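The values are calculated or read from the model by the stated rules, or taken from the named source; none is laboratory data. These numbers were taken from a predicted model, which means no experiment stands behind them. Note that each Cβ is placed from the backbone with ideal geometry, even for glycine, and that neighbours are counted across all protein chains shown.
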Amino acid sequence: MKWINRLIALIIVLLTLNIFIQPGSLKSIGHRVNNAIDLPTMLKVEIDKDNHHENQTQQKATQTNANATPIESIVQGRTLSNRYYYHFANGVGDRAKQAFLSAVSDYNKTGIVRLEPQTGKVDSQANQLTFYVYKKRVENGSGAVELGLGGPQIYPWIGNRNDDLNRGRAGLNAEYPQSSMQKPVALHEIGHALGLDHSTKRDSIMYPVDQGETRLSSGDLAGLKEIYHK
Ligand SMILES: [Zn+2]
């Protein structure tokens, strides 16, 4: 009868989790729901393929279009404006800027999102993206090289607004400039900042291993459309 106890324990755990995702708890003012910034991304070699695959399967179950690139869990069910203002953090050189701007241009061409340079006063009610560079040597012995980091940063809607806010970040690892200061990496990290998760499909810009893919796939576009209800 041990399994019954386990089942009861599992149900209790699930009920407890449910309490945390009730809508009421998401309305607290100024509270950051989650933070996916520190997910290591864009590795040059494949690591832990099996785990990765399991994650993808779970995430796909919550999406309507099976071909769509998965959506970051903290973005699922959110209402986000498709308009973003971006700025470069201090220390972003010309090469990184070029990679970011080239990726921005591609995202704007989709017509699904609109990324505009932030000029003048910051609108605290608008979605914002920060593009940055950082330096991190990866010493894990597997030969994996981290080319970038990216993620959405979601704040629930406040007061009379109807949209949640995203303060996403996309970073390129300046430790490996030859590999990281490139359009595919910028596309991938901005994809994370906009809410896309990793894909198991090789033609996706969100495939976690850099293949020099320079174009958003039909699955990537479908994922963006789901996030921004287009
Ligand atoms: Zn990634």
Inspect all residues belonging to segment 179-200 and state whether any of them is within 13 Å of the ligand (Cβ to nearest atom), in a loop (DSSP other than H, G, I, E, B), closer than 23 Å to V92 by Cβ and hydrophobic (A, V, I, L, M, F, W, C). no
Being basic (K, R), in contact with a strand residue (DSSP E or B) (Cβ under 7 Å, 6 or more places away or on another chain) and assigned to a helix (DSSP H, G or I): is that true of K136 here? no
Do any residues in segment 115-127 that are in contact (Cβ under 8 Å) with a residue 24 or more places away in the chain and on the phi < 0 side of the Ramachandran plot have Cβ atoms under 7 Å from those of residues that are part of a loop (DSSP other than H, G, I, E, B) and surrounded by 11 or more Cβ atoms within 10 Å (Cβ to Cβ), where the two are at least six apart or on different chains, and which pairs are they? Q125/R161; N127/S81
Could you list, ordered by first residue, the pairs with Cβ atoms under 8 Å in which the first is in segment 134-154 and over 16 Å from F100 (Cβ atoms) and within 15 Å of the ligand (Cβ to nearest atom) and the second is modelled with pLDDT under 90 and part of a strand (DSSP E or B), at least 6 apart or interchain? K136/E146; V138/E146; A144/L43; V145/L43; E146/P40; E146/T41; E146/M42; E146/L43
How many residues does segment 86-145 hold that are more than 24 Å from Y176 (Cβ to Cβ) and polar (S, T, N, Q)? 8
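Taking the conditions exactly as written (in contact with a strand residue (DSSP E or B) (Cβ under 8 Å, 6 or more places away or on another chain), under 17 Å from N67 (Cα atoms) and crowded, with 21+ Cβ neighbours inside 10 Å), does G168 satisfy them or not? If you could, list the steps in order and put the result at the bottom.
Numbers: in contact with a strand residue (DSSP E or B) (Cβ under 8 Å, 6 or more places away or on another chain): yes; under 17 Å from N67 (Cα atoms): no; crowded, with 21+ Cβ neighbours inside 10 Å: yes.
No; evaluated as a whole, the condition is false for this residue.
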Would you tally the residues in segment 101-118 being of a type in the set (G, A, S) and farther than 15 Å from E189 by Cα? 1
Please list, ordered by first then second residue, the pairs with beta carbon atoms under 7 Å, 6 or more apart or interchain, first in segment 172-194 and under 21 Å from V113 (Cα atoms), second among the aromatic types (F, W, Y). A186/F100; I190/Y107
